[in-house]
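Coordinate-derived values only; no laboratory data. Being a predicted model, the structure only gives us computed values, none of them experimental. Neighbour counts run over all protein chains shown; Cβ positions are idealised from the backbone, glycine included.
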Amino acid sequence: MNNSALETAAVSALKNSEPAISVRDLSVKFGGKVVIDRLNFHAHGGEFLCIVGPSGCGKTTLLRLLAGLLTPSSGEVLFNGQRVTRPSRDRAIVFQDYGRALLPWRTVAGNISLALESCGVAKEERAGRTAALAKTTGLAHAIDRYPHQLSGGMQQRVQIARCLAQKPSLLLMDEPFGALDAITRQHLQDEVANLAAVHGTTVIFITHDLEEAIYLGDRVIVLGANPGRILEEVDVALTRPRTQLSTKEMPRFLELRHRLHGLLEH
């Protein structure tokens with residue numbers, strides 16, 4: 001089965017799957033101030049869910065709650081039916097600041113292998129799996145380079161490859177392409193969408209970019225600020241596979257862009 005067929009199959013499977021992650025009445029307070037107020041939503045296995053909202057609406061806080069890095073003030077997060085109370089290798093997070101996420105004294109291979117080491121993969125297996133992941137993410141030619149020898153886009157690919165090495169069923173991404181140039185950003189958008197489809201990974205993707213959210217997402221959740229709350233959940237309903245030019249010229253894409261912009265203007 002080719003990648004296009006795999007991506008289409010992954011989207012079709014969403015309708016019949018059980019939620020991979022559920023957020024129930026989730027609230028967070030910092031110093032007595034409500035940052036997130038009673039969020040309720042879910043993501044099915046294999047779904048690409050994007051979350052947009054203005055600065056200060058709690059997007060990054062929400063992602064850390066889903067990862068088990070923060071504890072909610074009230075409510076709960078369920079992952080495969082179990083309450084999230086701590087981090088898990090089944091839930092990997094890609095941070096916005098890719099430079100700080102990498103170990104500067106390790107090569108590309110060493111940074112990817114770090115995840116395999118933490119998972120207890122035997123040393124004799126690591127080289128093969130690392131090479132395969134480097135090839136998948138377009139890093140095979142740079143496998144012996146150090147982070148300072150890589151472009152920003154390549155550094156971000158290393159972080160993504162390291163997360164994929166964990167074989168997570170949930171990939172959490174916090175504005176991962178925000179600091180990249182337009183061409184690199186578009187390339188990585190397509191790469192991540194394809195990898196998620198091939199591996200059947202559930203993705204929750206935080207972004208400020210409305211076009212990025214529409215292009216990547218099966219659904220988009222729009223958050224309001226002060227406190228963070230859900231304004232609307234929008235079903236994207238654009239056919240896959242998608243392309244950077246033709247998809248963004250579709251009437252449905254333009255309609256969604258206007259709709260999301262209108263929600264965030266108020």
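Using Cα pairs under 8 angstrom and six or more residues apart, how large is the relative contact order of the range 101-167, in percent?
This gives 50 percent for the range 101-167.
Taking the alpha-carbon distance from K29 and a cut-off under 12 Å, which aspartates and glutamates remain once sequence neighbours fewer than 8 residues away in the same chain are dropped?
Once the sequence-local aspartates and glutamates are set aside, what remains near K29 is D37.
Give the lysines whose C-alpha is closer than 24 Å to that of K135, dropping any in the same chain fewer than 8 places away, or say none.
Within the straight-line cut-off, K135 pairs with K123, K167.
At 7 Å along the Cα-to-beta-carbon direction for both R38 and E117, put a label point, then send me their distance in nm to one decimal.
4.8
Between A92, A20, A127, find the one with the highest GNM mean-square fluctuation for the chain; connect C-alpha pairs within less than 10 Å.
Between A92, A20, A127, it is A127 that shows the largest mean-square fluctuation.
Tell me the relative contact order for the chain as a rounded percent, counting alpha carbon contacts under 8 Å between residues six or more apart.
Once normalised by length, the contact order is 26 percent.
Can you show me the helix-derived [θ] at 222 nm for the chain, built from DSSP H runs with n ≥ 4 at -39,500 (n - 2.57) apiece and divided by the number of residues, rounded to the nearest 500.
It lands at -12000 deg cm²/dmol.
Ordered by residue, what ³J(HN,Hα) values in Hz, to whole numbers, does the range 99-111 give under the Karplus form 6.51 cos²θ - 1.76 cosθ + 1.60, where θ = phi - 60° and Gly and Pro are x?
Those phi angles translate into x, 6, 7, 9, 8, x, 8, 10, 6, 3, 4, x, 5 Hz.
Anyone know which of Q159, Q149, Q189 comes out most mobile in the 10 Å Cα GNM of the chain?
Q149
Given the options N40, Q82, A193, identify the residue whose Cα lies farthest towards the positive end of the charge dipole of the chain (+1 on Cβ of Lys, Arg; -1 on Cβ of Asp, Glu).
Most positive-ward Cα: Q82.
Excluding same-chain residues fewer than 8 positions from K248, which lysines have a Cα within less than 28 Å of its Cα?
K15, K59
Please compute the length gained on full extension between S74 and K29, using 0.36 nm multiplied by the number of residues separating them and subtracting their Cα-Cα distance.
Length gained between S74 and K29: 15.3 nm.
For the residues F177, F41, what sequence is obtained by ranking on other C-beta atoms within 10 Å, fewest first?
With the fewest neighbours first, F177, F41 line up as F41, F177.
Restricting to the chain, compute how many DSSP beta bridges are antiparallel as a %, nearest 5.
Antiparallel bridges make up about 55 percent of those DSSP assigns within the chain.
Using +1 on the beta carbon of Lys and Arg, -1 on that of Asp and Glu, and nothing else charged, what's the dipole of the range 101-167 about the Cα centre, debye to 20?
For the range 101-167, the charge dipole is close to 100 debye.
Would you kindly derive the ³J(HN,Hα) couplings of the range 188-199 from the backbone phi angles with the Karplus curve 6.51 cos²θ - 1.76 cosθ + 1.60 (θ = phi - 60°), listing them in order in whole Hz, with x for Gly and Pro?
6, 4, 5, 5, 5, 4, 5, 4, 4, 5, 4, 8
Under unit Cβ charges (Lys, Arg +1; Asp, Glu -1), what dipole magnitude, rounded to 20 debye, does the chain have relative to its Cα centre?
Here the chain has a charge dipole of around 640 debye.
Dimensions of the chain along principal axes (Cα, Å, largest first)?
Ordered largest first, the chain gives principal extents of 52, 45, 36 Å.
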